[in-house]
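J.: My questions all concern the structure below.
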Amino acid sequence: MVDTTPLTRAVDHFADRLRAAPQSRLQRSAAAEALALARELALRAQRIEDPSGEPREMPDAGMFAVADQITVAVHDLALVLKTDAEVEEAVTLVEEAQKRAGV
């Protein structure tokens, strides 16, 4: 089993920053970046679990829900990752999204 602790820590940090961000920051870019990340993480998990299945897009639940959405998506992904390289790639996605979000 692969250690996904770095991934969950990265997402927990991003989620905490989103929860603490002012509404104006969420409206500018942070919420959109977080939703895009949640959708990408969910898509990756779905492709690993069922490569031939039709992917489902995570819905936009609003800017105040994106922290929870990235948390759920990463925990789903963490359950199916098989290699340290996959974990590192996901951590990079999270870190880059957080930088773009500006939180």
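The values are calculated or read from the model by the stated rules, or taken from the named source; none is laboratory data. Keep in mind the model is a prediction, meaning the values are calculated, not measured. Reconstructed Cβ throughout: ideal geometry from the backbone, glycine too, with neighbour counts over all protein chains shown. For the accessible areas, the whole protein counts, side chains as well, though only heavy atoms, and no ligand, DNA or RNA atoms are used. Shrake-Rupley method; radii C 1.70, N 1.55, O 1.52, S 1.80 Å.
J.: Please sort 37-43, 60-66, 23-29, 6-12 by packing, taking for each peptide the average over its residues of neighbouring beta carbons within 10 angstrom, highest first.
T.: The packing order, highest mean first, is 37-43, 6-12, 60-66, 23-29.
J.: Here's another thing I want to ask about it. Give me a comma-separated list of calculated 3J(HN,Hα) values for the stretch 45-56, in order, Karplus coefficients 6.51, -1.76, 1.60 applied at θ = phi - 60°, integers in Hz, x for any Gly or Pro.
T.: Coupling constants for the stretch 45-56: 4, 5, 5, 6, 5, 8, x, 9, x, 7, x, 10 Hz.
J.: Can you give the calculated 222 nm mean residue ellipticity of the chain, where each DSSP H run of n ≥ 4 adds -39,500 (n - 2.57) and the sum is split over every residue, rounded to the nearest 500 deg cm²/dmol?
T.: Per the formula, -22000 deg cm²/dmol.
J.: Still on this structure: With point charges of +1 on the Cβ of Lys and Arg and -1 on the Cβ of Asp and Glu, referenced to the Cα centre of the chain, which listed residue (43, 90, 103) lies farthest in the positive direction of the dipole?
T.: 103
J.: Quick check on the chain: what does the Kirkwood estimate of hydrodynamic radius come out to from the alpha carbon pairs, in Å?
T.: 13.5
J.: Let me ask something additional. Between 52, 6, 29, whose Cα lies farthest towards the positive end of the dipole of the stretch 1-61 when Lys and Arg beta carbons carry +1 and Asp and Glu beta carbons carry -1, centred on the Cα centre?
T.: So the residue furthest toward the plus end is 29.
J.: Now, a different point. Want the number for residue 80 to residue 20: 0.36 nm per residue separation, take away the alpha-carbon distance, what's left?
T.: Gain in length upon complete extension: 18.6 nm.
J.: Keeping the other protein chains in place, figure out the carbon and sulfur percent of the accessible area of the stretch 16-75, with a 1.4 Å probe.
T.: Summing carbon and sulfur atoms, their accessible area is 50 percent of the total for the stretch 16-75.
J.: Let me ask you something else. Please give the charge dipole size of the chain, origin at the Cα centre, charges +1 on K and R Cβ atoms and -1 on D and E Cβ atoms. Round to the nearest 20 debye.
T.: 480
J.: Between residue 13 and residue 43, what is the label-point separation in nm under the 7 Å Cα-to-beta-carbon projection?
T.: For the pair residue 43/residue 13, the computed spacing is 2.5 nm.
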